[in-house]
1. Any idea which of THR20, THR67 is at pLDDT below 85 and not hydrophobic (A, V, I, L, M, F, W, C)?
2. Is there any pair with a first residue in region 8-27 that is free of Cβ contacts under 8 Å to residues at least 60 places away in the same chain and a second that is among the basic types (Lys, Arg) and not in a loop (DSSP other than H, G, I, E, B) whose Cβ atoms are under 6 Å apart and which are 6 or more apart or on different chains, and what are they?
Amino acid sequence: HPELLRELERTMALLAFEVTGESPLAELLDFEHRQKTANELNAALLAAHSQPREPKLPALLQLLAWTQDQLDEKVSYPRINNIVSAVLEEEGKDTSASTPRP
């Protein structure tokens, strides 16, 4: 693919600069560009393994947040306040890395 070759050449050209942040291709190092590249790579890997292009985890986390919001209105239950540790906690406790809200 000629388009892929061009991108590869641009990326490899960064090696020619001692301070890559000052090169004419510095935009390749921007967070937004790296995020776009990571998303494209993830989608290609998922497609290669016959998986949906979008990962399921973000949708599942939104479903968790919605479900807990619905339950909060009706019952008292142990909930997951911190998605990193995924520890069930008693009602009323809260932590800094809370469940994302849709």
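1. Within the list THR20, THR67, the selection yields THR20.
2. Once the first residue is free of Cβ contacts under 8 Å to residues at least 60 places away in the same chain and sits in region 8-27, its partners that are among the basic types (Lys, Arg) and not in a loop (DSSP other than H, G, I, E, B) give LEU25/ARG10.
The values are calculated or read from the model by the stated rules, or taken from the named source; none is laboratory data. Model, not experiment: these values are computed from the prediction. Here the Cβ is made from the backbone with ideal geometry for all residues, glycine too, and neighbour counts use every protein chain on show.
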